[in-house]
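Q: Let me give you the structure first, and then I'll get to my questions.
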Amino acid sequence: MNEHAPIQTNNLEAFWMPFTANRQFKKAPRMFVRAKDMHYTTDDGRQVLDATAGLWCVNAGHCRPKITEAIATQAGELDYAPAFQMGHPKAFELAAKLAAIAPTGLDHVFFTNSGSESVDTALKIALAYHRAKGEGSRFRLIGRERGYHGVNFGGISVGGIVGNRKMFGTLLTGVDHMRHTHDLAKNSYTRGPIEHGADLADDLLRIATLHDPSTIAAVIVEPVSGSTGVLPPPVGYLQRLREICDQHGILLIFDEVITGYGRMGTAFGADYFGVTPDIMVTAKGLTNGVIPMGAVYVRDTIYEAFMGGGENLIEFAHGYTYSGNPIAAAAGLATLETYKEEGLFERAKALEPVFADALHSLKGEPHVIDIRTIGLIGAVELEPIAGKPAARAFAAFLDAFDHNLLIRTTGDIIALSPPLIVSESQIGEIVDGLRAVIRRLA
Ligand code: PMP
């Protein structure tokens, strides 16, 4: 390619898009050029209501002045600082503020640039921690079917989505998976945690017994699986995982990339469910999705295994050029302030039943086979078209977009996760819009 050629705005092949077959996208490109609060503006000038907070990340809504101004100011003051063996105050300030809103005991924060990096960082911390304690026999990592933990090698190894694994060979060895908890025959049309299935947590015990518990380093789960279709946990399930981990010296990792920063009406899913993990993985809402940044929280005892050795401190051989980047840190601080000043976590909590009532009103619409809500996350599951999995929901996504509503789909499931600033009338607008989409498709 001629590097001096003018940029062809209609060339949709140079940027190889993530999770997208460019040549399908090219047939009907969907382009955003601006955003404000609850809406995107498309390149053809339409206002699209954002019912998904971007990709589950823009929790405070779009282009919030406090955040954009903090970024601009920081970019003019200190644009970049080397991340290893050197620092700058805002990263320390942000880490302290994050520790202050985290569940008790999760007082130390390792910065990354994404959810995927946070996941792989958490898995590496778990493995290195056991070695630091002299328990190097703990090398196995346990994930779960239908878990989504980003796209890096660790994350797809512990993740449970066949489509994200099958192209890439053997992945990490020493990984096992628990069964997922989604069973429409036992739980359907649910609000909050589902009633049946806590016993599935005993899969962890079975796997640990099979391999010997002293070989298991950690288990990772999303408190609510998001990307595989909004799967709330059974009542008591996370508590049971916690008990098994405590009994057998296994670290419990919560992947809170979606459930963190107010999405559940609490700071984290851990608070919503009353279960504290040993390691908590976050990203997305940390900076309101505006600047790439992730944060991995660890329990004091894990941090102390590295730092508490007197003269024998252990340097964790891991980190990124942009860990704690000044502009990302400034965005994170402004985001936390916005959440706090506007009471957005409390707002999400107050809206949870309103959102649930609205979404559940879709029961009985054509091809709807389940509705699930928890916090400000919801799913409408559609009956698959025989022989064409995911076709119905994808058609819904395209039709909704054409009618100025942004929804997200995974398989035959429509997922909703509006920004926490959503108004009650906008919740109505989202659900009415979705109802119209479902009826048109029928
Ligand atoms: N974990 C979970 C639970 C997620 O939902 C996601 C993203 N949807 C990730 C990890 C990966 O985050 P990223 O795309 O920022 O790498």
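A short reminder: the numbers here are calculations on the coordinates, not readings from a lab. Keep in mind the model is a prediction, meaning the values are calculated, not measured. Positions of Cβ are generated from backbone atoms using ideal geometry, with glycine treated the same way; all protein chains shown enter the neighbour counts.
Q: Taking only C-alpha pairs under 8 Å that are 6+ residues apart, what is the relative contact order of the chain in percent? Don't skip to the answer; put the middle values down first.
A: Numbers: 861 pairs, mean separation 92.8, N = 442.
In percent, rounded to a whole number, it is 21.
Q: Would you look at the GNM of the chain, springs on alpha carbons closer than 10 Å, and say which of 206, 347, 138 moves the most?
A: 206
Q: As a test of the formula, what do you get for the chain when each DSSP H run with n ≥ 4 contributes -39,500 (n - 2.57) and the sum is divided by the residue count, at 222 nm and rounded to the nearest 500 deg cm²/dmol?
A: Values: 15 runs with 160 residues, N = 442.
The helix contribution divided over the chain gives -11000 deg cm²/dmol.
Q: Give me the distance in nm between label points sitting 7 Å out from Cα along the Cα-to-Cβ direction at residue 183 and residue 369, one decimal.
A: 1.7
Q: What dipole magnitude, in Debye to the nearest 20, does the stretch 196-346 give about its Cα centre under +1 on Lys/Arg Cβ and -1 on Asp/Glu Cβ? Could the numbers behind the result be given before it?
A: Numbers: 7 positive and 19 negative charges, 63 e Å.
So the magnitude is around 300 debye.
Q: For residue 369, what residues show an amide H to amide H distance below 5 Å, using hydrogens built from the backbone and excluding near sequence neighbours?
A: Excluding prolines and chain starts, which carry no amide H, the hits are 381, 382, 383.
Q: Here's something else I'd like to know. With θ taken as phi - 60° and the coefficients 6.51, -1.76 and 1.60, list the Karplus ³J(HN,Hα) couplings across the stretch 31-44 in order, rounded to whole Hz; mark glycine and proline as x.
A: With coefficients 6.51, -1.76 and 1.60, one gets 10, 9, 10, 8, 8, 8, 6, 9, 10, 9, 10, 8, 5, 9 Hz.
Q: Which helices of the chain meet both criteria: a Cα extent of 15 Å or more along the helical axis and a mean Kyte-Doolittle score no lower than 0.0, with helices taken as whole DSSP H segments? Mind dumping the intermediate values first?
A: On the way: long enough: 65-77 (18 Å, -0.26); 89-101 (19 Å, 0.85); 115-132 (25 Å, 0.05); 237-248 (17 Å, -1.07); 326-341 (22 Å, 0.34); 344-360 (23 Å, 0.28); 391-402 (17 Å, 0.81); 424-441 (26 Å, 0.12).
Counting only whole DSSP H runs, the qualifying helices are 89-101, 115-132, 326-341, 344-360, 391-402, 424-441.
Q: Charges at C-beta only: +1 for Lys and Arg, -1 for Asp and Glu. How large is the resulting dipole of the chain about its Cα centre, in Debye rounded to 20?
A: Numbers: 40 positive and 49 negative charges, 203 e Å.
Its charge dipole is roughly 980 debye.
Q: Straight-line reach from residue 97: which aspartates and glutamates have a Cα under 14 Å away, not including same-chain ones fewer than 8 places off?
A: Within reach: 107, 337.
Q: Along the positive direction of the dipole of the chain (beta-carbon charges: Lys, Arg +1; Asp, Glu -1; about the Cα centre), which of 377, 293, 348 reaches farthest?
A: 377
Q: With respect to the cross-link table entries 124/340; 90/124; 90/349; 284/388, which display a Cα-Cα separation exceeding 27 Å? Let's see the in-between values first.
A: Values: 124/340 32 Å; 90/124 25 Å; 90/349 30 Å; 284/388 32 Å.
Exceeds cut-off: 124/340; 90/349; 284/388.
Q: May I pose another question? List residues of the stretch 399-442, by number, whose backbone nitrogen lies under 11 Å from a label position 7 Å along Cα→C-beta of residue 42.
A: The answer is 399-406.
Q: Say we join alpha carbon atoms closer than 10 Å with springs in a Gaussian network model of the chain; which of 193, 18, 384 then has the biggest fluctuation?
A: Result: 18 has the largest fluctuation of those listed.
Q: If you don't mind, another one. From the square roots a ≥ b ≥ c of the eigenvalues of the alpha-carbon gyration tensor of the stretch 44-116, which class results: rounded (a/c under 1.5), prolate (a/b over b/c), or oblate?
A: oblate
Q: If all Cα-Cα distances of the chain are sorted into 20 Å bins from 0 onward, what percent lands in each bin, rounded to whole numbers?
A: 25, 58, 17, 0
Q: Name the long-range amide H neighbours of residue 225: under 5 Å, sequence gap of 5 or more, or other chain; modelled H, no Pro or chain starts.
A: Long-range HN contacts for residue 225: 231.
Q: Springs between alpha-carbon pairs under 10 angstrom, Gaussian network model over the chain: which of 388, 90, 363 fluctuates most?
A: Evaluated over the chain, the most mobile residue of the options is 388.
Q: Next up: If I take R0 = 45 Å and measure r between the Cβ atoms of residue 77 and residue 386 in this structure, what FRET efficiency does the formula 1/(1 + (r/R0)^6) give, to the nearest 0.05? Could the numbers behind the result be given before it?
A: Details: r = 59 Å, r/R0 = 1.32.
The calculated FRET efficiency here is 0.15.
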